[in-house]
Amino acid sequence: MLNYEVPPALLRPLVPAGTELDSWNGTTLASLVGFRFLDTRVMGIPIPGHRDFDEVNLRFYVRRRGEDGAWRRAVVFVRELVPRRAIAWVARWCYNEPYTAVPMRHEVEMAGAEDGQAGRAAYGWRVAGRWHRLEATTRGRPFVPDPASEAAFTAEHYWGYTVQRDGGAKEYRVEHPPWQVWDADGARFDCDVRVVYGAGFAECLGPKPRSAFVARGSAVTVYGGRRLGLG
């Protein structure tokens, strides 16, 4: 997870109706996240050939008051890359999420990282005739981040919102235990950002992020979405 400070004006046109931009200590963040889906099931059913695959996404953070009055802190995806066309089609059809299918590859070497040895995770994707890449090397042992930290702010979100084709918004809940994370050394982003994410993001997504973490991951459940009633 590579985190960048971005200008709020860049993200405001992407904020789903009924939500507002969220920030960490007054800083508006966007994150590049690379990870592996393992033993994936849709409605509880495994799809042969589509259970284990990579994803790289660019996301930012919003919030909305729930019916109980509590803030629902959430993610919004700018672009999500996966290696299978069927996966991208299902995600667009079910949630209108901005999925695209592209060639992808990964290198995950985490043996010994639990004991403080350096681990490494790298993800690559091919767009417009070249390979793009994000990677990070772990430092120290994994830990549960302080709830007030930037690591917790970017890693611990249990809601998602996505803009719908008619301009409305859909809300869905995500469930997983709190993730342990490693601090990261040597985090690097090698990408033609203008081609992959657009000119606006090319101004703020550089080779060196403001912070970087590697998360252990866990079982994750994504629940069916519902349209927001905005009155």
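Restricting attention to segment 37-65, which residues are modelled with pLDDT of 90 or more and over 27 Å from Y123 (Cα atoms)?
Applying the first criterion (modelled with pLDDT of 90 or more) to segment 37-65 yields 54-65.
Result: R63, R64, R65.
For segment 116-131, check the following and say yes or no: at least one residue is β-branched (V, I, T) and in a strand (DSSP E or B). Steps first, answer last, please.
We begin by selecting, within segment 116-131, every residue β-branched (V, I, T); these are 127.
Checking the rest, the ones that are also in a strand (DSSP E or B) come to 127.
Scanning segment 116-131, I find at least one residue that is β-branched (V, I, T) and in a strand (DSSP E or B), so the answer is yes.
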Is it true that some residue in segment 103-115 is under 14 Å from G160 (Cβ atoms) and either among the hydroxyl-bearing types (S, T, Y) or at pLDDT 90 or above (or both)? no
Might you let me know whether segment 17-36 holds any residue that is modelled with pLDDT under 80 and either open to solvent by less than 60 Å² (accessible area, probe 1.4 Å) or hydrophobic (A, V, I, L, M, F, W, C) (or both)? no
Within segment 68-96, tally of residues that are within 25 Å of T28 (Cα to Cα) and either more than 12 Å from the chain's Cα centre (by Cα) or among the β-branched types (V, I, T) (or both): 10
Counting only residues that are touching a residue at least 60 places away in the same chain (Cβ under 8 Å) and aliphatic (A, V, I, L, M), which one in segment 185-211 is most open to solvent (accessible area, probe 1.4 Å)? V195
Screening D146, D183 for residues that are out of contact with any Asp or Glu (no Cβ under 7 Å at 6 or more places or on another chain), in a loop (DSSP other than H, G, I, E, B) and of a type in the set (D, E, K, R) leaves only D146
Checked segment 180-194 for anything of a type outside the set (A, V, I, L, M, F, W, C) and either in contact with a Lys or Arg (Cβ under 6 Å, 6 or more places away or on another chain) or closer than 19 Å to G119 by Cβ (or both); matches are Q180, D183, D185, G186, R188, D190
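Of the residues that sit in segment 7-35 and are part of a strand (DSSP E or B) and closer than 30 Å to P83 by Cβ, which one is farthest from the chain's Cα centre (by Cα)? Write out each step before concluding.
We begin by selecting, within segment 7-35, every residue part of a strand (DSSP E or B); these are 20-21, 24, 27, 29-35.
Narrowing further to those that are closer than 30 Å to P83 by Cβ: 29-35.
Working: L29: 12, A30: 9, S31: 6, L32: 6, V33: 5, G34: 7, F35: 9 Å.
Looking at residues that are part of a strand (DSSP E or B) and closer than 30 Å to P83 by Cβ, I get L29.
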Please name all residue pairs, on different chains or six or more residues apart, with Cβ atoms under 7 Å, provided the first residue is in segment 140-162 and is under 30 Å from N96 (Cα atoms) and the second residue is in a loop (DSSP other than H, G, I, E, B) and open to solvent by 70 Å² or more (accessible area, probe 1.4 Å). A152/D146; E156/P178
Just to verify a result, which residue in segment 73-115, among those that are closer than 21 Å to R173 by Cβ, among the aromatic types (F, W, Y) and without any contact (Cβ under 8 Å) to a residue 40 or more places away in the chain, is surrounded by the fewest Cβ atoms within 10 Å (Cβ to Cβ)? W93
Considering only residues that are open to solvent by 70 Å² or more (accessible area, probe 1.4 Å) and under 22 Å from W24 (Cβ atoms), look in segment 121-147 and name the one that is farthest from the chain's Cα centre (by Cα). R139
Checking R194 against (1) of a type in the set (D, E, K, R); (2) more than 18 Å from V56 (Cβ to Cβ); (3) part of a helix (DSSP H, G or I), the condition it does not meet: (2)
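Restricting to segment 212-231, give me the number of residues that are buried (at least 18 other Cβ atoms within 10 Å of the Cβ) and not in a loop (DSSP other than H, G, I, E, B). Write out each step before concluding.
From segment 212-231, those buried (at least 18 other Cβ atoms within 10 Å of the Cβ) are 212-215, 225; that's our starting set.
Within this subset, residues satisfying the condition of being not in a loop (DSSP other than H, G, I, E, B) are 212-215.
Residues in segment 212-231 being buried (at least 18 other Cβ atoms within 10 Å of the Cβ) and not in a loop (DSSP other than H, G, I, E, B): 4 in total.
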Inspect segment 79-86 for any residue being modelled with pLDDT of 95 or more, touching a Lys or Arg at 6+ places or on another chain (Cβ under 7 Å) and within 28 Å of W182 (Cα to Cα) and give the result as yes or no. no
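The values are calculated or read from the model by the stated rules, or taken from the named source; none is laboratory data. Note that the coordinates shown come from a computational prediction; the quantities given were computed from them, not determined experimentally. A quick note on method: Cβ atoms are made from the backbone with ideal geometry, for glycine too, and the neighbour counts reach across all protein chains shown. Please note that ligands, DNA and RNA were not included when accessible areas were found on the heavy atoms of the full protein model with its side chains. Shrake-Rupley method; radii C 1.70, N 1.55, O 1.52, S 1.80 Å.
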